[in-house]
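S.K.: I'd like to ask some things about the structure below.
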Amino acid sequence: MGASKGCMAEIQEILFDEQAIAGKVRELAARISHDYAGKELVLIGILKGAVMFAADLMRCISLPVTVEFIQAASYGNGTISSRDVAVNKEIHTDIKGKHVLLIDTIIDTGETMNCLMKKLSGKGPVSIKGVALLDKKCRRTVEVPVAYWGFEVPDQFVVGYGMDHAEQYRNLPYIATVKTTE
Ligand code: IMP
Ligand code: MG
């Protein structure tokens, strides 16, 4: 179904359905709204994987915020992480003197968030923290200052809610594991 030959995958098990995701998003947004009250907050979603999470999260945050997106590429079409994180799309908002919250749906090795935080720190924000819906803790190679975590997931490749396998499945409203035949 669209996935290229040699990189096939099929849905295995639904880990989090729409209701579970929405509940966790509301919970994280409530904590963020409390912690950043009265501060100038810039939300930066990491494309493309964080597009749904960022969209849902910002709608639940009860503060005036600025929204940005940055694009990093650490994965190709498969499931193997590469440490070489490139910035494909920069932000255009001036984050100097502001509080930044970097949004990703999943933290695996931590390299992507770590690298983007280092790059963004150079632009002079007052603080820079992360929020991630999923924590694939067992795969971490570098610690990341993520202040808000959603769910912990096992060392299995997951898709849906913005996350892909070979650019497929991003549109699924739930999060599921895939069986890959790479
Ligand atoms: P990290 O740099 O290894 O932490 O990887 C983070 C990025 O890899 C995320 O932004 C995702 O795009 C992607 N990624 C990591 N694990 C998965 C997964 O299980 N499914 C889909 N994408 C993943
Ligand atoms: Mg990907």
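S.K.: If we only count strands (runs of 3 or more DSSP E) wholly inside the range 79-166, which ones have 1 or more residues that are open to solvent by less than 20 Å² (accessible area, probe 1.4 Å) and modelled with pLDDT of 95 or more? Before the answer, list the steps.
M.R.: On the way: elements: 81-89, 99-107, 127-135, 146-152.
Correct list: 99-107, 127-135, 146-152.
S.K.: Taking the range 167-182 as the region of interest, how many residues are under 24 Å from residue 29 (Cα atoms) and in a strand (DSSP E or B)? Quick ask: steps written out before the conclusion?
M.R.: The first filter runs over the range 167-182 and keeps only residues under 24 Å from residue 29 (Cα atoms), leaving 170-176.
Then drop every residue that is not in a strand (DSSP E or B), which leaves 175-176.
Of the residues in that region, 2 qualify.
S.K.: Identify all residues within the range 168-182 that are surrounded by fewer than 18 Cβ atoms within 10 Å (Cβ to Cβ), modelled with pLDDT of 95 or more and within 14 Å of ligand 2 (Cβ to nearest atom); write none if there are none.
M.R.: Residues satisfying the conditions are 170, 171.
S.K.: May I ask you to list the residues in the range 32-47 that are part of a strand (DSSP E or B) and either among the small types (Gly, Ala, Ser) or away from ligand 2 (no atom under 16 Å from the Cβ) (or both)?
M.R.: Narrowing the range 32-47 to residues part of a strand (DSSP E or B): 41-47.
Selection gives 41, 42, 43, 44, 45.
S.K.: With without any contact (Cβ under 8 Å) to a residue 60 or more places away in the chain, under 20 Å from residue 110 (Cβ atoms) and either small (Gly, Ala, Ser) or within 16 Å of ligand 2 (Cβ to nearest atom) (or both) as the only criterion, which of 29, 72, 50, 22 stands out? Before you say what the answer is, go through the steps one by one.
M.R.: Details: 29 fails: under 20 Å from residue 110 (Cβ atoms); 50 fails: without any contact (Cβ under 8 Å) to a residue 60 or more places away in the chain; 22 fails: under 20 Å from residue 110 (Cβ atoms).
Going through 29, 72, 50, 22 in turn, the sole match is 72.
S.K.: Given the options 108, 135, 155, name the one that is in contact with a Cys (Cβ under 6 Å, 6 or more places away or on another chain) and either on the phi > 0 side of the Ramachandran plot or among the charged types (D, E, K, R) (or both). Full working, then the answer.
M.R.: On the way: 108 fails: in contact with a Cys (Cβ under 6 Å, 6 or more places away or on another chain); 135 fails: in contact with a Cys (Cβ under 6 Å, 6 or more places away or on another chain).
Among 108, 135, 155, only 155 is in contact with a Cys (Cβ under 6 Å, 6 or more places away or on another chain) and either on the phi > 0 side of the Ramachandran plot or among the charged types (D, E, K, R) (or both).
S.K.: Pull up the range 136-166, narrow it to residues that are in contact with a helix residue (DSSP H, G or I) (Cβ under 8 Å, 6 or more places away or on another chain) and within 16 Å of ligand 2 (Cβ to nearest atom), then point me to the one that is farthest from residue 12 (Cα to Cα).
M.R.: Checked the range 136-166; the qualifying residue farthest from residue 12 (Cα to Cα) is 162.
The values are calculated or read from the model by the stated rules, or taken from the named source; none is laboratory data. As the structure is a computational prediction, the values presented were derived from the model and not from experiment. Backbone-built Cβ (ideal geometry, glycine too); neighbour counts: all protein chains shown. The accessibility values were calculated without ligands, DNA or RNA, using every heavy atom of the protein model including side chains. Shrake-Rupley method; radii C 1.70, N 1.55, O 1.52, S 1.80 Å.
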